[in-house]
Amino acid sequence: MLCTLFALTPTQASAKHLTLSTLEGLSITELCGQVVSEAYSKIDVNVRINLYPAKRSLSVSNGGDVDGELMRIANAEKKYPNLIRIPTSICSMSSRVYSKNPNLNLEDWNSLKPYRIGIHRGHLYALNGTQGMQAIQINSNESMFKMLDADRVDVIVAHVPDATRTIGQMRLKNVYPVSPIISDVKLYHYLHKKHQDLVPQIDTALQEMEQNGRIAQLAEEFLKSVEQLAVRRPSH
């Protein structure tokens, strides 16, 4: 299923237009979308962002059906050679293990070997981290927490903003974050090779945003908004 996240239109009528694909169901998409769209507006490019299931998103971006991928971890270009990674990171993605056991102690990915693990389908970092383990790919963040609550898995791995939001929305009282953070990876924007001429321009724009603190400011605002949503409770 395809849906459009948003578009940012520069004032110039002659602006170039790009369509980017990205994963549906991730809170961090909001932040990365803001960063990338603002960067493109600096070079007179209008961005449209379409949401897809994880594998489908990479398929359409690598195949050239769209102009690039909004955000992925480093080295995605090794498996998808038609994509060019923009060198400057657009945001960071922190993930934790969540469990119903408040006393669970973990050190790293290897500590998960004895457990049944729920991971989000198509998330490369989790697939890599749980390779060879009892990992079950689940289609949505909400479904992962439902399976954990029903004891169908022992632990799940989730992005911190998504988990914070879901725990609040589902009003889960017996699910606990496990320390330390199991994964903290930088995310990068990718362009299809047909737009290789734009790579130095968009990287320069992102470098400027990084150096003047704009990316950090957008990240701080995003995290505050997630925390505010998490404490809200549905009315009855």
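The values are calculated or read from the model by the stated rules, or taken from the named source; none is laboratory data. It should be emphasised that the depicted structure is a prediction, and the values quoted were computed from it without experimental measurement. When we count neighbours, we look across all protein chains shown, and the Cβ atoms used for this are built from the backbone with ideal geometry, even at glycine.
Go through (1) modelled with pLDDT of 95 or more; (2) out of contact with any Gly (no Cβ under 7 Å at 6 or more places or on another chain) one by one and return the number of the condition SER61 breaks.
That leaves (2) as the condition not met.
For region 88-103, give me the residue count where each residue is modelled with pLDDT of 95 or more and more than 24 Å from ASN139 (Cα to Cα).
3
Matching residues to (1) touching a Leu at 6+ places or on another chain (Cβ under 6 Å); (2) closer than 14 Å to LEU191 by Cβ; (3) touching a residue at least 60 places away in the same chain (Cβ under 8 Å); (4) surrounded by fewer than 16 Cβ atoms within 10 Å (Cβ to Cβ):
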| position | (1), (2), (3), (4) |
| --- | --- |
| ARG72 | no, yes, yes, no |
| ALA76 | no, yes, yes, no |
| ILE84 | yes, yes, yes, no |
| SER89 | no, no, yes, no |
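Taking region 171-192, which residues are loosely packed, with under 15 Cβ neighbours inside 10 Å and not β-branched (Val, Ile, Thr)?
ARG171, LYS173, ASN174, SER179, PRO180, ASP184, LYS186 - these are the residues of region 171-192 that are loosely packed, with under 15 Cβ neighbours inside 10 Å and not β-branched (Val, Ile, Thr).
For region 21-35, does any single residue satisfy the condition of being assigned to a helix (DSSP H, G or I), farther than 21 Å from GLU210 by Cα and modelled with pLDDT of 95 or more?
Looking for residues that are assigned to a helix (DSSP H, G or I), farther than 21 Å from GLU210 by Cα and modelled with pLDDT of 95 or more, one finds none in region 21-35, hence no.
Take region 57-99 and flag every residue that is closer than 19 Å to HIS159 by Cβ and part of a helix (DSSP H, G or I).
SER57, LEU58, ALA76
Within region 38-56, restricting attention to residues that are in a helix (DSSP H, G or I) and surrounded by fewer than 23 Cβ atoms within 10 Å (Cβ to Cβ), which residue is farthest from the chain's Cα centre (by Cα)?
The residue in question is SER41.
Among the residues of region 103-116, is there at least one that is under 21 Å from the mean Cα position of the chain (by Cα), in contact (Cβ under 8 Å) with a residue 12 or more places away in the chain and either buried (at least 21 other Cβ atoms within 10 Å of the Cβ) or assigned by TED's automatic domain parsing to the domain that holds LEU223 (or both)?
No.
As an exercise: evaluate MET1 against (1) modelled with pLDDT of 95 or more; (2) aliphatic (A, V, I, L, M); (3) surrounded by fewer than 17 Cβ atoms within 10 Å (Cβ to Cβ) and give the number of the one condition it does not meet.
(1)
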